Amino acid sequence: MNLLLLEADQLRGSRAVLSPIQARHARDVLRVVPGQELRIGVVDGPRGLGRVAQAGDSIELECTFEPEPPPAPDVDLLMALPRPKVMRRLWAQLAALGVGRIVLTNAARVERNYFDTHVLEPEFYRPLLVEGLQQARDTHLPRVSIHRRFRPLVEDELDALSPDAARVVAHPAADAAPIAGAWPHGARRVLLAVGPEGGWDDFELRLLIARGFRPASLGTRTLRTDTACVALLAALRAGRALPSS
């Protein structure tokens, strides 16, 4: 745990009381003692330091925070819902990589029963998102929305969900631009669309392109969703950081 992420209701002025799970981690793993400082943050708020004021059955921190939260993530993700066991693995990874919004949708190659899994319940995925944020020392909890109908989402809802974002669709085709150079010049944020493991079908791809998505690729290999998401997000951001020629 690289950062201890607190909920707002854990704060009492400048003091914070750790939850039972956090307190157990602090005692058994961090082996805290009074006076020890821990890196802390507040969900959707600033980071800071917490000095251990009380270490026993209950652990209390005396907290100081930075003036502003860390920068918000500059990538949103539109993703065809993968198999539940893959989605289970992805929650923490997406939060750690820095995704502002996760929009899960249906697609022709998505099994309908995937939407019935408990993996999509907030009570299940929120702790995993927090786990990813703690790994990356971030505080911005990704917003999650789930959509069973692809076409209405793309045509009617995306503009409100991810406003002012340039759009890129991942597609393993030889004629697609490399993802490392796909961040549009001057764009402050990007909405990245990642299809199912079998890929977007022709109708879905045409609809996405008609709504402003530019195809980009890691090459012609078809990857598993979890592998593709991590690689695409990393390559997209790395390409943005490269100096323009």
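None of the figures in this text is laboratory data; all of them are computed from the coordinates on show. Worth saying up front: this structure is predicted, and the values here are computed from it rather than measured. Methodologically, a virtual Cβ is constructed for each residue, glycine included, from the backbone with ideal geometry; neighbour enumeration extends over all protein chains shown.
Could the peptides 94-107, 123-136 be put in order, highest first, of the mean number of other beta-carbon atoms found within 10 Å of their residues?
94-107, 123-136
Between the beta carbons of Ala173 and Ala238, assuming R0 = 22 Å, the FRET efficiency works out to 0.55 to the nearest 0.05. Would you please classify the overall shape of the stretch 1-142 from the alpha carbon gyration tensor, given that a ≥ b ≥ c denote the square roots of the eigenvalues, rounded means a/c under 1.5, and beyond that prolate means a/b larger than b/c while oblate covers the rest? The shape class here is prolate. Computed from phi, the 3J(HN,Hα) profile of the stretch 145-151 under the Karplus parametrisation 6.51, -1.76, 1.60 (θ = phi - 60°) reads 9, 10, 10, 7, 10, 5, 4 Hz, with x in place of Gly and Pro. Extending 7 Å from the Cα toward the beta-carbon at both Ala108 and Asp159 defines two label points whose distance is 2.6 nm.
Rounded to the nearest 0.05, what FRET efficiency do Leu30 and Leu141 have when you use their Cβ-Cβ distance and R0 = 35 Å? Between Leu30 and Leu141 the formula returns 0.95. Close amide H contacts of Ile40 (hydrogens built in the peptide plane, cut-off under 5 Å, sequence separation of 5 or more or a different chain): Leu4, Gly48, Leu49, Gly50. For the chain, DSSP calls about 40 percent of its internal beta bridges antiparallel. Here's how it looks for Leu78: its modeled amide H is under 5 Å from those of Val103, Leu192, Ala193, Val194, which are all 5 or more places away or on a different chain. Computed from backbone phi with θ = phi - 60° and the Karplus coefficients 6.51, -1.76 and 1.60, the 3J(HN,Hα) list for the stretch 121-137 is 7, x, 5, 8, 7, 4, x, 6, 4, 4, 4, x, 5, 5, 4, 8, 6 Hz; x is used for glycine and proline.
From the Cα gyration tensor of the stretch 172-221, with a ≥ b ≥ c the square roots of its eigenvalues, which class applies: rounded if a/c is under 1.5, or else prolate if a/b is larger than b/c, or else oblate? Taking the square roots of the gyration eigenvalues as a ≥ b ≥ c, the stretch 172-221 is oblate. Take every DSSP beta bridge whose two residues both sit in the stretch 26-131; close to 75 percent of them are antiparallel.
Pop the C-beta distance of Arg224 and Glu7 into the FRET formula with R0 = 25 Å and round what comes out to the nearest 0.05. After rounding to 0.05, the efficiency reads 0.15. The modelled label-to-label distance for the pair Arg51/Leu120, using points 7 Å beyond Cα in the direction of Cβ, is 4.9 nm. Placing +1 on each Lys and Arg Cβ and -1 on each Asp and Glu Cβ, with no other charges, gives the chain a dipole about its Cα centre of roughly 480 debye. Between Glu62 and Ile209, residue separation times 0.36 nm minus the direct Cα-Cα distance comes to 47.8 nm. Tell me whether the stretch 27-108 comes out rounded, prolate or oblate; compute the Cα gyration tensor, take square roots of the eigenvalues as a ≥ b ≥ c, and use a/c under 1.5 as the rounded threshold. Taking the square roots of the gyration eigenvalues as a ≥ b ≥ c, the stretch 27-108 is oblate. Each distinct pair of alpha carbons in the stretch 4-65 adds a 1/r term; the inverse of their mean, the Kirkwood radius, is 11.2 Å.
Each residue of the stretch 108-120 is assigned a 3J(HN,Hα), and the resulting list reads 4, 9, 9, 5, 4, 6, 4, 6, 8, 6, 5, 4, 8 Hz, derived from the Karplus form 6.51 cos²θ - 1.76 cosθ + 1.60 (θ = phi - 60°), x at Gly and Pro.
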